[in-house]
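Below is one structure; the comments refer to it alone.
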Amino acid sequence: MDRAQVDTTIRSLIEPFNKKGVAIEDSTSFANDLEFDSLTVMDFVAAIEDEFDIIISMNQQAEIENYGQLVDAVTKMATDK
Amino acid sequence: MSEGISQADRPAVLEGEGRDLFSKFDPLIAMREGLLAGGVEDPFNLVMEKVLSPTRAICNGRETILLGTYNYMGMTFDRDVIEAGKQALTEFGSGTTGSRVLNGTYQGHKEVERALCEFYAMDHAMVFSTGYQANLGIISTIAGKGDYIVLDIDSHASIWDGCKLGDAEIVPFKHNDIEAMEKRLRRIPEGAGKLVILEGVYSMLGDIAPLKEMVAVAKRHGAMVLVDEAHSMGFIGHHGRGVAEDQGCLEDVDFVIGTFSKSVGTVGGFCVSNHPKFEILRLVCRPYVFTASLPPSVVATAAMSIRKLMHGSNKRAHLWENSKTLHQGLKALGFQLGTDEPQSAIIAVIMPDLERGAMMWEALIKGGLYVNLARPPATPANMTLLRCSLCAEHTEQEVQTILGIFEQAGKAIGII
């Protein structure tokens, strides 16, 4: 799966969590722009994990601050699987 | 004389003036001040001037029924327990001044570990200075780099801190969700070590875990299982061994974590296990090694209390009655509760928001009743809770009095 496909899939997965309809760019940050709290993060991460059948541990999540980094990380995990 | 000299100093305003390492606490300080500005008695600054019994104290000058302690089995004033403590204090002194692995292991420490082995019918027991340190130590030591910890998102802070102290990969799942847990276990790379961490009773809402199913799933995926039974010991299960005993899966639990600061009635923490190599942990577990051991009087009171709890079935039955009566009564009054049925000795009353929660807490304390006010981030889903924890020493009459105080306060604040 290439980065563009991963991007499209995650864009649709994020919709229900993007309550304020923030425009999603690679630089969009989860904590500041999207204001995700810890429970939202868990549900959002679970949705991605289930979709791609991967694990994104909290240690890996700590390295991911914005949307672009998430797409990069998932692309890599989905390819390495 | 130049003009400049007669002018007063005008130091440039520095960027970040007045900011230091404490600035990160400003929002919390502001929230607290806002809450107290309304004249509310500070829920986090209560002083018990005199403790009359496991269920009564003088708090801020008023005689108060205690409904927010973890003294589930009411052992704190048990005559034999106090006598054991006094004797140890006289014979062994006030403290050990040393680590368990150096000069801090006395006869009493071995005796309380023996009492725990008998209580749980397990081979090994290791006693820590607090329950917090038991989780911190065991979790961070057994799950290392490359291993995976799969845990419930509503786990206690000591479990999260144990994860943080170690180097394992941390994978949380939705509270009590068996399928979510199973999916995560299934995706762990082959060959990696796996530890599943669960709690018997989750202390915020007082709900229990479906341990039988969850432990079976964990075992099917080759994971070791650690269950924190802090809030169930002494009360739940035929022998008071906890939720795992009650659901018939204790044999498949690799590590039970518990505490002396709840049903046992003193302070300290422990882990019991049947693992054949368990004893090595005494040498490698840093929160066990690098701290002073419990005072002799504390381990003596704990050992006596644990032995008495083995025969506490009448008290257990009375505590269940109290829990049922309070749950039914609060529900009938129209309060929103954390669980549909009483599942433990904790009954959580859900408040509409922090402000009304604090007002309700104050109305209760003025009416002579102490409960815990719990607020985010300690609570799930940002809830404000009034947590009631019952004691086997609360009489039937006391539970009725408690319901009366709740009714009056709830109507005054407009919650019911």
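Below are the figures for this structure:
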item: Distance between segment B:118-155 and segment A:1-61 - C-alpha centres, whole angstrom; result: 32 Å
item: Reachable aspartates and glutamates from A:LYS81, criterion Cα separation under 19 angstrom, eight or more residues apart if same chain; result: A:ASP2, A:ASP7, A:GLU49, A:ASP50, A:GLU51, A:ASP53, A:ASP72, B:ASP147, B:GLU169, B:GLU182, B:GLU190
item: Using alpha-carbon coordinates, inclination of helix A:38-52 to the longest axis of chain A, degrees; result: 30 degrees
item: Note, ³J(HN,Hα) from phi for segment B:268-279, Karplus 6.51, -1.76, 1.60, rounded to Hz, x at Gly and Pro; result: x, x, 7, 10, 10, 7, 9, 4, x, 9, 3, 4
item: Table column - 3J(HN,Hα) (Hz), segment A:29-36, Karplus curve with 6.51, -1.76, 1.60, x for Gly and Pro; result: 8, 5, 6, 8, 6, 8, 6, 6
item: Other-chain or far-sequence residues with amide H under 5 Å of B:PHE128's (modelled H); result: B:GLY269, B:PHE270, B:CYS271
item: Relative contact order of chain B, defined on C-alpha pairs under 8 angstrom at six or more residues apart (%); result: 22 percent
item: Under DSSP loop assignment and at most 13 Cβ neighbours within 10 Å, longest trypsin sites (Lys or Arg not before Pro)-free interval of chain B; result: B:278-416
item: Helix-only CD estimate at 222 nm, as mean residue ellipticity for chain B, using -39500 (n - 2.57) per DSSP H run (n ≥ 4); result: -11500 deg cm²/dmol
item: Cα-centre dipole for segment B:94-201 with unit charges at Cβ (Lys and Arg positive, Asp and Glu negative), debye to 20; result: 220 debye
item: Residues whose placed amide H lies under 5 Å from that of B:VAL225, excluding near-sequence neighbours; result: B:VAL196, B:ASP254, B:PHE255
item: Three-way shape label, chain B, alpha-carbon gyration tensor, a/c 1.5; result: rounded
item: Cut-off under 5 Å, modelled amide H: who pairs with B:ALA348 long-range; result: B:GLY338, B:THR339, B:CYS388
item: Signed unit charges on C-beta, dipole axis of segment B:78-309, positive-most listed residue B:VAL101, B:ILE257, B:LEU211; result: B:VAL101
item: Relative contact order computed over segment B:78-309 (Cα-Cα under 8 Å; 6+ residues apart), in percent; result: 32 percent
item: Per-residue HN-Hα couplings for segment B:245-256 [Karplus 6.51, -1.76, 1.60; θ = phi - 60°; Hz; x = Gly/Pro]; result: 5, 4, 8, x, 10, 4, 4, 8, 8, 7, 9, 9
item: Dipole magnitude (debye, nearest 20) for the protein assembly as shown, charges at Cβ of Lys, Arg, Asp, Glu; result: 1500 debye
item: Set B:LYS212/B:LYS324; A:LYS19/B:LYS411; B:LYS308/B:LYS331; A:LYS76/B:LYS24 screened for pairs whose C-alpha atoms are more than 26 Å apart; result: A:LYS19/B:LYS411; B:LYS308/B:LYS331; A:LYS76/B:LYS24
item: Cα gyration tensor, segment A:4-70 - rounded (a/c under 1.5), prolate or oblate; result: rounded
item: Cα-centre dipole for segment B:78-309 with unit charges at Cβ (Lys and Arg positive, Asp and Glu negative), debye to 20; result: 440 debye
item: Tilt relative to chain A, helix A:67-80 - C-alpha long axis, 0 to 90 degrees, to 10; result: 20 degrees
item: Relative contact order for segment B:119-180, counting Cα pairs under 8 Å that sit 6 or more residues apart, in percent; result: 34 percent
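Only the coordinates and a few stated rules stand behind these numbers; no lab work does. These figures come from a predicted structure and were not determined experimentally. Here Cβ is always computed from backbone atoms with ideal geometry, including for glycine, and neighbour counts include all displayed protein chains.
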